[in-house]
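Undergrad: After the structure tokens below, expect a handful of questions from me.
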Amino acid sequence: MTDTNDWNTGIIEEFRANEGRVGGPFEGAPMVLVHHRGRKSGRELLTPLVYLPDEHDPDLIYVFASKAGAPTHPDWYHNLVVAGRTEIERGTERYPVTVTEITGPDRDRLFAEQVRRMPGFGDYATKTEGIRIIPVIALRRA
């Protein structure tokens, strides 16, 4: 099995070499690199994620703390929620963003749209059913 850090490193390198585009299982999917600081370690971290662009605001995107359907939220989710701000790389641009968790009907609507576009997210939700609700995070250009 591939180490997660090695997997992410390959995606990050491909993203940066191809102006924000990657191939493989993420070919054609909108990708973003999320910078964050470990809330326990204090280390600078970088996580590649697929995102859902807002339909009306080009400065707003949504990411999903699916962790491929694992029973716990990913560390990056906790780091972002605690920080409330971070930086992202989108395409060839790096810029600061605010972090807001989306809940209730808005969360459900956004998650359903992500499942429509990328059905694998529905599989993740099935795996977490009764265990946790996959968080939706809004990243807005600051």
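Undergrad: With each run of n ≥ 4 DSSP H residues scored as -39500 (n - 2.57), what mean residue ellipticity at 222 nm is computed for the chain after dividing by its residue count and rounding to the nearest 500 deg cm²/dmol?
TA: -10000 deg cm²/dmol
Undergrad: Also: Kindly sort Thr100, Thr128 by accessible area of their heavy atoms, largest first, with the probe set to 1.4 Å.
TA: Result, largest first: Thr100, Thr128.
Undergrad: With a ≥ b ≥ c taken as the square roots of the eigenvalues of the C-alpha gyration tensor of the range 45-142, please select rounded if a/c is under 1.5 and otherwise prolate if a/b is larger than b/c or oblate if it is not?
TA: The shape class here is prolate.
Undergrad: Let me ask something else about it. With every protein chain present, what is the per residue accessible area of the chain (1.4 Å probe, Å²)?
TA: Heavy-atom accessible area per residue stands at 57 Å².
Undergrad: Can you give the longest stretch of the chain with no exposed loop site, where a site means trypsin sites (Lys or Arg not before Pro) in a DSSP loop (not H, G, I, E or B) with at most 10 other C-beta atoms within 10 Å?
TA: In short, 44-142.
Undergrad: For the chain, modelled as a GNM with alpha-carbon contacts under 10 angstrom, which of Gly91, Gly120, Gly104 fluctuates the most?
TA: Sorting by GNM fluctuation, first place goes to Gly104.
Undergrad: Testing the spin-label approximation: label points 7 Å from Cα along Cα→Cβ at Arg132 and Ser41. State their distance in nm.
TA: The answer from the label model is 1.7 nm.
Undergrad: Considering the chain as a Gaussian network with a 10 Å cut-off on Cα pairs, which listed residue, Pro48, Pro58, Pro74, attains the greatest mean-square fluctuation?
TA: Ranking Pro48, Pro58, Pro74 by mean-square fluctuation puts Pro58 first.
Undergrad: For the range 1-82, which GluC sites (Glu not before Pro) are both in a DSSP coil and crowded by at most 14 other Cβ atoms within 10 Å?
TA: Here the GluC sites (Glu not before Pro) that fit, given the DSSP loop and packing criteria, are Glu19, Glu27, Glu55.
Undergrad: For the range 1-126, which whole percent of the accessible surface, found with a 1.4 angstrom probe, sits on carbon and sulfur atoms?
TA: 50 percent
Undergrad: May I pose another question? How high is the relative contact order of the chain, given as a whole-number percent (alpha carbon pairs under 8 Å, six or more residues apart)?
TA: Relative contact order for the chain comes out at 25 percent.
The values are calculated or read from the model by the stated rules, or taken from the named source; none is laboratory data. Please read all numbers here as calculations on a predicted model, not as lab measurements. Every residue, glycine among them, receives a Cβ derived from its backbone with ideal geometry; neighbour counts consider all protein chains shown. These area figures cover heavy atoms from the full protein model, side chains too; ligands, DNA and RNA do not enter into them. Shrake-Rupley method; radii C 1.70, N 1.55, O 1.52, S 1.80 Å.
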